[in-house]
1. On C-alpha positions alone, give me the angle between the axis of helix 35-61 and the longest principal axis of the chain, in degrees, nearest 10.
2. Under a cut-off of 26 Å between alpha-carbon atoms, report the lysines in cross-link reach of LYS62, not counting same-chain residues fewer than 8 places apart.
3. So what are region 1-60's ellipsoid semi-axes, whole angstrom, largest first, if each one is the square root of 5 times an eigenvalue of the alpha-carbon gyration tensor?
4. Can you give me the Kirkwood hydrodynamic radius for region 468-676, using every pair of distinct Cα atoms, in Å to one decimal?
5. Compute the semi-axes of the equivalent ellipsoid of region 567-664, taking the square root of 5 times each eigenvalue of the Cα gyration tensor, and list them largest first in whole Å.
6. Take the Cα radius of gyration of the chain and divide it by 2.2 N^0.38 Å, with N its residue count; two decimals is plenty.
7. Every cysteine in the chain with no other Cys Cβ under 4.7 Å from its Cβ, please list them in numeric order.
8. In degrees between 0 and 90, to the nearest 10, how far off the longest principal axis of the chain does helix 64-78 point, with axes built from Cα atoms?
Amino acid sequence: MLLYALTIFLSSFLLFQVQPIIAKIILPWFGGSASVWNACMLFFQAALLGGYTYAHLLFEKKPASRGAQIHIGLLGVSLVTLPILPNAAWKPEGTENPALLILGLLAVTIGLPYFLLSTTGPLLQAWYSRNHDGAVPYRLFALSNAASLLALLSYPTLVEPYLDVRTQAWIWSGAFAVFVVLCAFVAWRSRVGDRNPETTEEAPPPPDLLLRLLWIGLATAPSILLLTVTTHLTQDVAAIPFLWIVPLVLYLLTFILCFETTKLYWRWFYIALSAAALILVAWIAFAGHTGISLQKSIAAYAAAMFVCSMVCHGELASLKPHPRYLTSFYVSLSVGGALGGLVVGLLAPTYFDAFYEFPMGWVFAALMGVGAIVYRHQAFFSTMRGFAVSIVLVALLGGYAGWWVHIQQDQISGYRHVQRNFYGMLRIQYDGDFTDQSRVRQLLNGVINHGQQFLHPFRRKDATTYYCAESGAGQSILTRKEGVPQKVGVIGLGSGTLVSYGRAGDDYHIYEINPMVIQFAEAEFSFLGESKAKKEIHLGDARLTLERQAPMQFDVLLIDAFSGDSVPVHLLTAEAFTLYFRHLKPDGLLAVHISNKYLNLEPVVAANAARLGVAALTIDDNRPDSDETCFGSTWVVLMTKPTAQSQAEMAIPGKPLSPSPDFRPWTDDFSNMWSILKK
C-alpha cells in the first residue's frame, strides 16, 4: 500500500506542479493574457482524459504482464522528452489562433510526461484492487487530490519566490525521472495477478448508460464553474494576481472531502446551501457589484462554487461503482472535466459575444444536482407525486435560467458594442449627458477603462484618462523641441489616445496584440484617423515584434500594455528593458505606466534602471475622482544619466526613483508577484 501511495502522491504532485511552471514559461509568448491559463487548462483536462482512457483500456484489454510491459516502455520513451523547456520556434508571429498554438506547443513539450502522470492514479488503483482481494482503492484518489493541492499551494509560496523558471523546469524533470523509475518498479511488481473469473463473476453488473451520463454531467458542472468563476473574478471583479488559485484550491478540496470518506458530505445540508448559493450569485450579478464590497464579492463567489462543487462531487462519490469498474468511472470523470475545459477555453471565446458560460455553469450545476436526486429516488419520481415535484423543479430551474439570461441581456443592451475573443471582452459605452460637453465614448476591458474620447467637436482631440499633458506619458512626449519631428513607440493601443499628440512629420509605431482592439480603435474612435502624424500598427506581442525589428531609434517609447490591473511580466523584465533601450535614441525617453490597485511596480522598474545604469523619475498625476477628463496615474520615465543632466531644464514634476536593496530583479527566468503585492 505504501509503495502505491508514494507513487500516486508523487505523480499527482508533479501533475499539478508542472501546470504553473509551463504556463509561466509560455505566458510571455502570448502577451501575458489571462486566457492563456484557460487554454492550458483545456490541454491539461484533455490530456487527463487521454490518460484515464489509456489506463482503462490497458487494464481491461491487456493481460497484466503485457500491460506492465507497455507501460514500462512508454515510461522509458518519456525520458527522451526531458527537460520540459519549450522550443522558441513555437513563439507566435501574431496572426495565429493563440489557443490552438498553445495546445500544439504543450502537446510537443510536455505531452507524453503529462499523459503518463495522468494515467498513474486510476491505473495503480486498478492494479492495487486486482492484486489485493477486497481492497477499496478510492482513498488513493483522495490522496492524489491532496498531493495536487499541496503542489498548487507550494508553487507560489515555496517555488516561485526562490527559483527561476529554467531551474524549476530542470528540477521538475529530475523529479519526473525519479517517478519513472518508481512507477516502472510498481508496474513490474504488478505484472502478475490477473483477475480470476470467480472474482469477476461476483462483481455487480456494469453501470448502465444513464448512470455513466450522470457521472459525466456531475464532473462537467464543477469544471465549468472552476473556469468561469476564475475568469469572472479576474476580469469582471478585480484582476488580482493569483486569484485563480482560490477556485482551484476549493475545487480540489471538494474532491478530497468527498472521496476520503462519505461522512463529510451531508447531502441535504449542501443541497440547501447550493440553492441559497444560486440565489446569491444571481443577486450579485443583478446588483452589478454596486451593493457588495470587493472582498465580500470574492468570498461569495468562492463559497458558492465550493458548495455547488460539493454537491456534484459528493453525488459522484456516492455513485462510484464497484472497484471492478473503477477505470471506466475515472474515464467518465475526465470526460466531464475535458468538456468543461472545451466549453470555457475554446468554444465560448469563439462563439459567445459575452460571458454567457458564467450563468450557464450555475444553471448546469443545479440541473446535475436535480438529476442526481431523481436518479437516486427513481421509484418516487415515477409516481404522480414525484412527477409533479419534478415539474416544479424544472420550472424553478427554467425560471432561474430565464431570469439570468434577462439580466445578461439587460447588461449588454447598455453598451454600444460588445465583443470578445481569446484576449477578453471589449465593450463600447457612452457616459455623460447628451446635452453636455462632457459626454464621452469609452472602451472597457473587464472593469478597466482603456480609453475614452469626448464626442463634442471642440473636445474630441483632447488627450484623456491616463494620458493627459500632466501625466508621465504627456510629459515625455511634450519635452520635444519645437518644430523637430519625433519618432514615438507605443506598446498598447487602447482607444488610440496617445496619437492625439502627433504632429505633421511625427512617426508613431503602435504595438498591439489584440486585433479586436485595433478594430474598435479604428471604427469607434477618431484619434487614429485625425492625428496628423504618420502611423503604423504592428499586430502581435510587442516584445516579440521588437526582438525581430532592427533598432527603431525612438525619441520616446511608452509601455502601456496592461490588461486591467494584471501585469504582462515579460514586458517588465531586465531583458525587456535592455531591448527597449536598444530601440531608443541615445537621448530617448522610456515611459512605463505603473498605475495599479493591487501591485507596487516601482521596485521592479527601479531594479531595471539600476541594472542598466540609467536615471528613473516617478511622475504621479494625483487627481480627484471627480475629474471628468483625466484620471490619476503613475508613470516612471527612464533615461540615460547624461540625458537626465542635459535636460534638467525640462523640470518634469517627478521624484527620483531609487532601487530597493532587498528586491531581486525580475528576469525572463524569474519573477515574484508576491513580493510586490500592496498591503
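Please treat every number below as a calculation from the coordinates, not as lab data. Predicted, not measured: the structure shown is a model, and the values here were computed from it. Using ideal geometry, Cβ is built from the backbone for each residue, glycine included, and neighbour counts are taken over all protein chains shown.
1. 20 degrees
2. Correct list for LYS62: LYS320.
3. On the way: eigenvalues 160, 49, 8 Å².
Output for region 1-60: semi-axes of 28, 16, 6 Å.
4. On the way: mean 1/r = 0.0573 Å⁻¹.
Over region 468-676, the inverse of the mean reciprocal pair distance is 17.5 Å.
5. For region 567-664, the semi-axes come out at 22, 18, 13 Å.
6. Values: Rg = 27.9 Å, N = 679, 2.2 N^0.38 = 26.2 Å.
Normalised Cα radius of gyration, the chain: 1.06.
7. CYS40, CYS183, CYS258, CYS308, CYS312
8. Approximately 10 degrees, to the nearest ten.
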